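Engineer: There's a structure below that I have some questions on.
Just so you know, all these numbers are worked out from the coordinates, no wet-lab data involved. Computed from a predicted structure; not experimentally measured. Neighbour counts run over all protein chains shown; Cβ positions are idealised from the backbone, glycine included.
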Amino acid sequence: MELNAISIGFVVFTIFTLGGALGVVMTRNLFQGTIWLMVSLFGVAGYFVLLSAPFLAAVQILVYIGAIAILITFAVMLTRSIARIKERYIRTAPSFIGSLALFLILLLGVTIPIFGAHSPESIPEYVASTRDLGAALVDENGYVVPFLLASVLLTAAMIGAIFIARDERS
Amino acid sequence: MAPLWMYLAVAAALFSIGVFGVLARRNAVAILMSVELMLNAVNINLVAFWRYSETSTDLLLNGYVFTAFVLIVAAAEAAVGLAIIITVYRNRRSVIPEEAAMLKG
Amino acid sequence: MNVLNEWAFVGLFAVMAPIFPALPIVIAWLFRPRKPNVLKSSTYECGVETIGDTWVQFRVQYYIYGLIFLVFDVEMVFLFPWAVAYNEMSLFGFVAGFLFIFLLTDALFYAWKKNALDWK
Amino acid sequence: MEELCTGLCSVLLESGADPGLALFLSLLVGVLLVSGVPLITVILLIWIERKVAARIQDRIGPNRVGPVGLLQTIADMIKLLSKEDITPTAADRVLYNAAPLVSFASVVLLWAVIPFTPFHFGVDLEIGALYFVAIASFGTLAIMAAGWASNNKYALLGAFRVVALLVSYEVPLVFALLVPVLLAGSMSLVDIVNAQNGMWFVVLSPLAFVIFYISSQAETGRAPFDLIEAESELVAGFNIEYSGMKFGMFFAAEFLHVFTNGIIMAILFFGGWMGPLYYESPLIAFAWLGAKGGLIYLTTLWLRNTVPRLRIDQIMAFNWKFLVPLSIANLIVVSFVLKALQELALVPRDLLSASFGELLPTTVVLLLFNGAMILYLLGILRKRGREARREPQNARAEFAQPASVAGH
């Protein structure tokens, strides 16, 4: 891999993604955990840019950093739990071994043998634009059913969550 | 461009970290955050495969739409999951999943 | 300029942007007086001593607002491409987009009827 | 900017520089040029803001340092530099120090996509309008982090309220933003300006502009939505523990954000650089953008200094029960009418190349519908106001128990 903007970006975003993820699972403080999660997901947004999907990157930042981070923070503040939980982990050793084994299996068993030889020369030139996406979303032969299902899913999630979270006593 | 397997390797690492978080963390909110990590690992894979595969033009957007969908599901999951955590906390004063086993037979 | 060059510009911008506010803060760090004492660096509550935890119990209403916002924010994932493709769209496409918005308005209406929008 | 970049690139290449280095250097120069605009403006803005506020309050304002007090901001900066910077013992040091940086950077970053003239801009991203919304969300997170990291009850409370306010008003903001995107058929800000060649979008959908204006006033935390600095309720809000230059950074970010929003509104609704003779020289085009943005900026200052602060329950009710349904209805009406006109072939599908005459029928129809909506709304507001006045008893009772309303 030669030294250019993309490889620099790749390294930086890898540090963001994996460093942030480690922060999420290791920090004791949940608010700091939320910030770490956002660092990690910002790195993922960076990958999307490198993979020529800037729309997804912007949406990733909008949804995660703009909304989910705020929502998690509100939830953390609503459940004052830090002081009560003394130990962070349960089943530490088996979990660690299990996830390490999973990573090694995925890396050595799937990723490298199957996709290791995939040459980057075969990348298609044309990249779909946001307009293509919009046209396909509402096309009869395109994704109109998933498009409307997404709306139903969001409506259901919102109604359900409001129903659950509302405090009936007040 | 970085080769495909590098993206997949990062995604695998991210997924494994998420799995560790889900298995080992005690706090329900932390577990939820780990699940978000796993979903994002999946998203990296989806976008990487979409970018690197040679597909016919009418399938050009499959990966893209799939990723947008995972994003929406992740958001819905966070919303409902956190609402459940808040309610359980309100009733049981606890955010540890093992302690909220009132539905167990 | 190709697409990635554009984003290289944004990336460089993102690296530089925090440096601008950091510069005066660093300069201030060099010049400022340093006379800390216990009282000065204690938590400021109008002179009254702090009692208890900072994490006071917050009302659930914050979460509900955040929740409704999240749903509308996520909706933008599909509405922005829809708006961009609007001009070339057939009537069918428009109706699909209309249904999409309408379904979500339903959820807002539910929240309204359940008084979930009130700041209690 | 692009022009200059390629120019500089080629010069560097000819002098035998490494291509990567040449590109990097030219990009760096571009970044410095683009970001220089907001950084220089902010010094001027603070002076303008203080002068305008003073005039509205029948004062003179800064007039000692430099001609008409122009150097007052510099003097203030020197004062801030020499102030002691107190970090409370209980604070989370890393987040406490990072928050003002992120807050300021998130505003400066917006300028990367602003088209100053037809040919001078940082970048013309395909997703420009979405970039604007996405970057603004960093500011929200920074306020949250500042409030939490201070480890102070008032700071946390203030941050919570501000964040609830910011996220609430982002919903109508984005729905209003969808209207120009839909009319132009593109998220690129350059395309949006070009599409207003025939007609400014503020004429096509005045309601969208009003919604955008109100919610961006809230996004910047200005009166009547200035919960950010509700001194009487929360001491100072989320930045209570900050002092010295870090406190200054939060304020500079706020001033700059207001002006940036003015510029964005000029681009989205008032045709950006468009105006007589804009094609003659980039300077004229730039002056048009600055003039329009500045005018909008001045109206926000006027508003800020004239109206009182609303209570948080009023702010939230106004947003969720009025502004959000209105913005959704507006989007539906505009898209429905335009699609109907397009199907009847009364409008060119592509506004980019449409002339004033071709757009006249669309304008008239859209304006009619918008006017009808505005009249209907005014009717609703009038009825509400009358009801509120008829029940002074309830209003007073509500006022007598601020704890039930303003509690956390």
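Engineer: Give the cross-link partners of C:Lys113 among the lysines, using a straight C-alpha distance below 20 Å as the criterion and excluding same-chain residues fewer than 8 apart.
Structural biologist: D:Lys321
Engineer: Among D:Val133, D:Met265, D:Phe212, whose Cα projects farthest towards the positive end of the dipole of the stretch D:83-406, with charges put on the beta-carbon of Lys, Arg (+1) and Asp, Glu (-1)?
Structural biologist: D:Phe212
Engineer: Which ³J(HN,Hα) values, rounded to whole Hz and listed in residue order, are derived for the stretch B:76-86 from phi using the Karplus coefficients 6.51, -1.76 and 1.60 in 6.51 cos²θ - 1.76 cosθ + 1.60 with θ = phi - 60°, glycine and proline given as x?
Structural biologist: In residue order, the calculated couplings are 5, 4, 4, 4, 6, x, 5, 4, 5, 4, 4 Hz.
Engineer: By the scheme Lys and Arg +1, Asp and Glu -1, what is the net charge of all other residues having a beta-carbon under 10 Å from that of D:Asp85?
Structural biologist: On the way: positive: C:Arg32, C:Arg34, D:Lys83, D:Lys246; negative: D:Glu84.
That sum, taken over residues with Cβ under 10 Å, equals +3.
Engineer: Considering the options A:Val138, A:Val152, A:Ile164, tell which one lies farthest towards the positive end of the dipole of the stretch A:128-170, charges being +1 on Lys and Arg and -1 on Asp and Glu at the Cβ, about the Cα centre.
Structural biologist: Towards the positive end, the residue furthest out is A:Ile164.
Engineer: Also: Enter the mean projected area of the convex hull around the alpha-carbon atoms of the stretch C:3-113, in nm², rounded to one decimal. The partial results should precede the final answer.
Structural biologist: Details: hull surface 58.2 nm².
If you wrap the Cα atoms of the stretch C:3-113 in a convex hull and average its projections, you get 14.5 nm².
Engineer: Once the other residues with Cβ under 12 Å from the Cβ of D:Pro224 are scored (Lys, Arg +1; Asp, Glu -1), what is the net sum?
Structural biologist: Values: positive: D:Arg222, D:Arg304, D:Arg309, D:Arg311; negative: D:Asp226.
Result for the local shell: +3.
Engineer: Strictly over 20 Å apart at the Cα level, which of C:Lys40/D:Lys83; D:Lys51/D:Lys246; D:Lys79/D:Lys153; C:Lys40/D:Lys153; C:Lys35/D:Lys246; D:Lys292/D:Lys339 would you flag in this model? Provide the component values of the computation, followed by the final result.
Structural biologist: On the way: C:Lys40/D:Lys83 14 Å; D:Lys51/D:Lys246 24 Å; D:Lys79/D:Lys153 29 Å; C:Lys40/D:Lys153 17 Å; C:Lys35/D:Lys246 18 Å; D:Lys292/D:Lys339 30 Å.
The answer is D:Lys51/D:Lys246; D:Lys79/D:Lys153; D:Lys292/D:Lys339.
Engineer: Could you estimate the translational diffusion coefficient of chain A from the Stokes-Einstein equation, with Rh from the Kirkwood formula over C-alpha pairs, at 4 °C and 1.567 mPa s, in whole µm²/s? Display every interim value, and only then the final one.
Structural biologist: On the way: Rh = 20.0 Å.
For these conditions, the coefficient is 65 µm²/s.
Engineer: Residue by residue through the stretch D:309-315, which ³J(HN,Hα) values in whole Hz follow from phi under the Karplus form 6.51 cos²θ - 1.76 cosθ + 1.60 (θ = phi - 60°), with glycine and proline marked x?
Structural biologist: 7, 8, 6, 5, 5, 5, 4
Engineer: State which stretch of chain D is the longest one without any exposed chymotrypsin sites (Phe, Trp or Tyr not before Pro), exposure meaning a DSSP loop state and at most 15 other Cβ atoms within 10 Å. Could the numbers behind the result be given before it?
Structural biologist: Details: sites that count: D:Phe119, D:Tyr279.
That gives D:120-278 as the longest site-free run.
Engineer: Which whole-percent values make up P(r) of the stretch D:83-406 when all C-alpha to C-alpha distances are grouped in 20 Å steps starting at zero?
Structural biologist: Bin by bin from 0 Å, the calculated values are 29, 53, 17, 0.
Engineer: Could you tell me the relative contact order of chain D? Use alpha-carbon pairs under 8 Å, at least six residues apart, and round to a whole percent. Mind dumping the intermediate values first?
Structural biologist: On the way: 546 pairs, mean separation 75.4, N = 408.
Computed value for chain D: 18 percent relative contact order.
Engineer: A follow-up question, please. Taking the dipole about the Cα centre of the protein assembly as shown, with the C-beta of Lys and Arg at +1 and of Asp and Glu at -1, give me whichever of D:Leu177, D:Leu101, D:Phe322 is farthest to the positive side.
Structural biologist: Ranked along the dipole, the leading option is D:Phe322.
Engineer: What is the log10 of I(q)/I(0) for the stretch B:4-99, computed with the Debye formula using one identical point scatterer on each Cα and no solvent, at q = 0.11, 0.13, 0.18, 0.20 Å⁻¹?
Structural biologist: -0.42, -0.55, -0.85, -0.96
Engineer: Right, next: Is the stretch C:71-118 rounded, prolate or oblate when judged by the Cα gyration tensor, a ≥ b ≥ c being the square roots of its eigenvalues, rounded requiring a/c under 1.5 and prolate requiring a/b larger than b/c?
Structural biologist: Working: a/c = 4.77, a/b = 2.25, b/c = 2.12.
Here the stretch C:71-118 falls in the prolate category.
Engineer: For the stretch A:128-170, with only Lys/Arg (+1) and Asp/Glu (-1) charged at the beta-carbon, what is the dipole magnitude about the Cα centre, in debye rounded to 20? Don't skip to the end; give the middle numbers.
Structural biologist: Details: 3 positive and 5 negative charges, 37 e Å.
It works out to roughly 180 debye.
Engineer: What are the principal axis extents of the Cα atoms in the stretch A:1-86, in Å, biggest first?
Structural biologist: 50, 25, 10
Engineer: Report, as an integer, the average count of C-beta atoms from other chains found within 10 Å of each Cβ along C:25-32. Display every interim value, and only then the final one.
Structural biologist: Values: counts 12, 1, 3, 11, 4, 1, 5, 10.
Per-residue shielding by partner chains comes out at 6.
Engineer: Using helices alone, I'd like the mean residue ellipticity at 222 nm for the protein assembly as shown: each DSSP H run of four-plus residues gives -39500 (n - 2.57), total over residue count, nearest 500.
Structural biologist: Values: 31 runs with 542 residues, N = 803.
After summing the helix terms and dividing by residue count, I get -22500 deg cm²/dmol.
Engineer: Next up: Would you mind counting up the charge near A:Val59? Only other residues with Cβ under 14 Å from its Cβ, with Lys and Arg at +1 and Asp and Glu at -1.
Structural biologist: Working: positive: none; negative: C:Asp73, C:Glu75, D:Glu126.
Computed value for this residue: -3.
Engineer: Compute, for chain D, the length of the dipole vector about the Cα centre, with Cβ point charges of +1 (Lys, Arg) and -1 (Asp, Glu) only. Units Debye, rounded to 20.
Structural biologist: Details: 26 positive and 29 negative charges, 352 e Å.
Around 1700 debye, computed over chain D.
Engineer: Once you compute Rg and the Kirkwood Rh from C-alpha atoms, what is the Rg to Rh ratio for the stretch D:13-138? Intermediate values should be presented prior to the final figure.
Structural biologist: Working: Rg = 19.7 Å, Rh = 18.3 Å.
Result: Rg/Rh = 1.08.
Engineer: Pairs of alpha-carbon atoms within less than 8 angstrom and 6+ residues apart define the contacts here; what relative contact order does chain A have, in percent?
Structural biologist: Values: 86 pairs, mean separation 23.5, N = 170.
After rounding, I find 14 percent.
Engineer: For the stretch D:192-204, just list the computed ³J(HN,Hα) in residue order, Karplus coefficients 6.51, -1.76 and 1.60, θ = phi - 60°, integers in Hz, with x standing in for Gly and Pro.
Structural biologist: 4, 5, 4, 5, 8, 4, x, 8, 5, 5, 5, 6, 5
Engineer: Here's a follow-up. List the GluC sites (Glu not before Pro) in the stretch B:18-94 that DSSP assigns to loop (not H, G, I, E or B) and whose Cβ has at most 10 other Cβ atoms within 10 Å. Which are they?
Structural biologist: B:Glu54
Engineer: Sort the protein assembly as shown into rounded, prolate or oblate with this rule: let a ≥ b ≥ c be the square roots of the eigenvalues of the Cα gyration tensor; rounded if a/c is under 1.5, and if a/c is not under 1.5, prolate when a/b is larger than b/c, oblate otherwise.
Structural biologist: On the way: a/c = 1.15, a/b = 1.01, b/c = 1.13.
Note, shape of the protein assembly as shown comes out rounded.
Engineer: In whole Å, what is the distance between the alpha-carbon centres of the stretch D:171-187 and the stretch A:125-156?
Structural biologist: Each part reduced to its Cα centre gives a spacing of 18 Å.
Engineer: Ok, one more. Using +1 on the beta carbon of Lys and Arg, -1 on that of Asp and Glu, and nothing else charged, what's the dipole of the protein assembly as shown about the Cα centre, debye to 20?
Structural biologist: 3380
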